[in-house]
Structures are given as structure tokens and as C-alpha cells.
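Asks: I have a structure I would like to understand better, so I am pasting it below and will then ask my questions one at a time.
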Amino acid sequence: MKFKKKKLASAILAVIGLQMGACDNKTDHGSAHWSYDDDTGPAHWGQLSEKYASCANGKQQSPIDITNSIKADLPPLGFNYSPISLTIENNGHTIKMKADKAGSLKIGENTYQLLQFHTHAPSEGAINGKRADMVIHLVHKSAQGEFAVVAVFLETGEMANPLIETLWNVMPKTPGEPQHHEVQIDINQLLPKEKNYYTFDGSVTRPPCTEGIKWVVLKQTVSISAEQLAQYQAVYTGNARPLQPLNGREVFSSN
């Protein structure tokens, strides 16, 4: 009888373990819970998990405040995006759109496939101490496994952005599974006319704060309406990591 009870207890523990593992898989990297405030906010990320040590100890962390840059002969940005069907997700930290079928970015001889894009308000990153109202991060990966993130700053103005309007019309208000829609989106509508940029070596801006990321910050902002900003802020506001020390890094400018 005792043996049967022991087997039953082991089985129950195994099921609980599987359930906990499934929950972990739904969070970023299956590690410790993190957030943008209180005891799990940015000031504590480095202590929440050994996997997050770079958040506290890294020397090439993002985002940064760009106050000085070095003019350089940088290659033009070759955006090669095509329309895709919309897959949108509220993952508990941001609004994220799957985009692995949308195309690629070419920087010099290097080509990076677009994987996804997501949102922060206010912007992660600043120019001369000023953050934008929002930022879109376009996350790319090369065949060699190198990441390049393009930051597009969004500022409120008179003009609404047509792609943002499409996204916000179906934006999930609470965290959940990705939602698939038949509507087509054209990510080119997020890009400014001018493609001048800053570039520097940085990190992922959320745990585990992995370094070795190529950052490209477009200089020209994109307009969104005050209503569009308010719609987003009704779901997320303050989901931006504080600015990080430059630690001697050089920021290069395309002009």
C-alpha cells in the first residue's frame, strides 16, 4: 500500500513538473519572471536569475542615449520587405508581430532575415537626452546567427500611421497566445523616407540582456496620431528599459 502511495505521489509530482515547464515555455527563455516595475523591474533583473547576469554586469548594454557620434562611410540599408498576413501577440511585456516571412535587411555584404517586430512606450533609447513617444524594434537574424535590430522612433503628429492603425484595430488587450488574421500588412509603412542611421554594438533590452547585438537607429522619426499613442498606452506604458552606460563604446553615424 505504501509503495502504491509512493508511486502515486511521484506521478502527481511529475505532472506538476510538466505543467510548470509548460508555463515556463510561455515566458521569455523559460526563466525567472521579470517586469518593468517593482521588485522584478529593470533595477533587479540581474539578481532574478543567473541567466540574467548580463543585465547587471554587461558592458555593452542597450538602450543608450546617443549624444555623440562619429561620421563614417557606412553602407546603405537595403530593406527588402514584402506584405505578409498578420500574426499579433500580447506576450505580457509588449505587443509583438511575427514577421519571419516578410523579407530581409541587407547591410553591406551581410543579409539579415526579419523575424519579428515589437513595441515600447516611451522609446527605448534617446537622442541627446530625448526619448521618442514610442519605438518599433525590427529584429533580424543572419544565416550566421548574428542579430541586427532596427529601431524606428515614433512621434505624435498630425498624421496617423496606416500600419499602426491596422495593428491597433486587433491589438490584444491582455496577454495570450498569438492571434492570426487574414489581413495583410506592409512593414514598409513603418519606415521613414530617409534611411540615415546611427549604429553601435549593444544588447537585447530585456532579460537575459544578451550582448553582441548590432543596433541600427534610424534618425528620421515616423508620425503617429495622439489617438494611436493613447490606444497603445491603454495597454502598455512604461515598458521601456532605462538608458544604459556607454562604457566607452563608439556610435557611428551614416552622415
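The values are calculated or read from the model by the stated rules, or taken from the named source; none is laboratory data. Keep in mind that what you see is a predicted model, and the values were worked out from it rather than measured. Note that we place each Cβ from the backbone using ideal geometry, even for glycine, and neighbour counts take in every protein chain shown.
Asks: Just for region 160-175: of the residues that are of a type in the set (S, T, N, Q) and assigned to a loop (DSSP other than H, G, I, E, B), which one is farthest from Ile84 (Cα to Cα)?
Replies: That would be Thr174.
Asks: May I pose another question? Hey, does region 51-60 have a residue that's aromatic (Phe, Trp, Tyr), in a helix (DSSP H, G or I), modelled with pLDDT of 95 or more and buried (at least 16 other Cβ atoms within 10 Å of the Cβ)?
Replies: Just the residues of region 51-60 that are aromatic (Phe, Trp, Tyr), to begin with: 52.
Those left that are additionally in a helix (DSSP H, G or I): 52.
Those left that are additionally modelled with pLDDT of 95 or more: 52.
Subsequent filtering for residues that are buried (at least 16 other Cβ atoms within 10 Å of the Cβ) retains 52.
Yes, because at least one residue in region 51-60 is aromatic (Phe, Trp, Tyr), in a helix (DSSP H, G or I), modelled with pLDDT of 95 or more and buried (at least 16 other Cβ atoms within 10 Å of the Cβ).
Asks: Out of everything in region 100-155 that is of a type in the set (D, E, K, R) and in a loop (DSSP other than H, G, I, E, B), what residue ends up being nearest to Glu89 (Cα to Cα)? So that I can check it myself, show each step before the final result.
Replies: In the first step, residues of region 100-155 are kept if they are of a type in the set (D, E, K, R); the result is 100-101, 106, 109, 124, 130-131, 133, 141, 146, 155.
Next, from what is left, pick out any that are in a loop (DSSP other than H, G, I, E, B): 100-101, 109, 124, 133, 146.
Numbers: Asp100: 14, Lys101: 16, Glu109: 33, Glu124: 20, Asp133: 21, Glu146: 24 Å.
Looking at the filtered set, the residue picked out is Asp100.
Asks: Based on this model, can you work out whether Ala226 counts as over 30 Å from Gly58 (Cα atoms) and out of contact with any Leu (no Cβ under 6 Å at 6 or more places or on another chain)? Break it down into steps so the answer makes sense when it comes.
Replies: Details: over 30 Å from Gly58 (Cα atoms): yes; out of contact with any Leu (no Cβ under 6 Å at 6 or more places or on another chain): yes.
Yes.
Asks: Under 7 Å between Cβ atoms, at least 6 apart or on separate chains: pull out the pairs that start in region 218-231 with a residue that is on the phi < 0 side of the Ramachandran plot and end on any residue that is surrounded by 17 or more Cβ atoms within 10 Å (Cβ to Cβ) and part of a helix (DSSP H, G or I).
Replies: Partner pairs satisfying both residue conditions: Val222/Leu190; Ile224/Ile164; Gln228/Ile164; Gln228/Trp168; Gln231/Trp168.
Asks: In addition: Among the candidates Asn128, Asn169, single out the residue that is on the phi > 0 side of the Ramachandran plot and at pLDDT 95 or above.
Replies: Sole residue among the options that is on the phi > 0 side of the Ramachandran plot and at pLDDT 95 or above: Asn128.
Asks: Separate question: For the list (1) modelled with pLDDT of 95 or more; (2) more than 19 Å from Lys141 (Cβ to Cβ); (3) among the polar types (S, T, N, Q), I need the number of the one condition that Thr205 fails.
Replies: Checking Thr205 against (1) modelled with pLDDT of 95 or more; (2) more than 19 Å from Lys141 (Cβ to Cβ); (3) among the polar types (S, T, N, Q), the one that fails is (2).
Asks: I've got another one for you. Listed residues Thr119, Thr111; which is under 22 Å from Ala240 (Cβ atoms) and touching a residue at least 12 places away in the same chain (Cβ under 8 Å)? If you could, list the steps in order and put the result at the bottom.
Replies: Values: Thr111 fails: under 22 Å from Ala240 (Cβ atoms).
The conditions single out Thr119.
Asks: Given the criterion of a type outside the set (Val, Ile, Thr) and either at pLDDT below 95 or surrounded by 19 or more Cβ atoms within 10 Å (Cβ to Cβ) (or both), identify the matching residue among Asn255, Asn247. Working first, answer last.
Replies: Numbers: Asn247 fails: either at pLDDT below 95 or surrounded by 19 or more Cβ atoms within 10 Å (Cβ to Cβ) (or both).
Testing whether each residue is of a type outside the set (Val, Ile, Thr) and either at pLDDT below 95 or surrounded by 19 or more Cβ atoms within 10 Å (Cβ to Cβ) (or both) leaves just Asn255.
Asks: Residues in region 237-251 that are closer than 16 Å to Ser69 by Cβ and of a type in the set (Gly, Ala, Ser): how many?
Replies: 1
Asks: Please specify each residue of region 205-228 satisfying the condition of being touching a helix residue (DSSP H, G or I) at 6+ places or on another chain (Cβ under 9 Å), within 25 Å of Gly41 (Cα to Cα) and of a type outside the set (D, E, K, R).
Replies: Pro207, Pro208, Cys209, Thr210
Asks: Scan region 175-200 residue by residue and report those that are out of contact with any Leu (no Cβ under 6 Å at 6 or more places or on another chain) and polar (S, T, N, Q).
Replies: Gln179, Gln184, Asn188, Asn196, Thr199
Asks: Any residue in region 207-221 that is among the β-branched types (Val, Ile, Thr), over 18 Å from the mean Cα position of the chain (by Cα) and crowded, with 19+ Cβ neighbours inside 10 Å? Walk me through how you get there before you give the answer.
Replies: Step one: filter region 207-221 for residues among the β-branched types (Val, Ile, Thr), giving 210, 213, 216-217, 221.
With over 18 Å from the mean Cα position of the chain (by Cα) added as a condition, the list becomes none.
Looking through region 207-221, none of the residues is among the β-branched types (Val, Ile, Thr), over 18 Å from the mean Cα position of the chain (by Cα) and crowded, with 19+ Cβ neighbours inside 10 Å.
Asks: Additional query: For region 123-162, which residues satisfy the criterion of being of a type in the set (Lys, Arg) and touching a residue at least 60 places away in the same chain (Cβ under 8 Å)? Lay out the reasoning, then the answer.
Replies: So in region 123-162, the residues of a type in the set (Lys, Arg) come out as 130-131, 141.
Across region 123-162, the qualifying residue is only Arg131.
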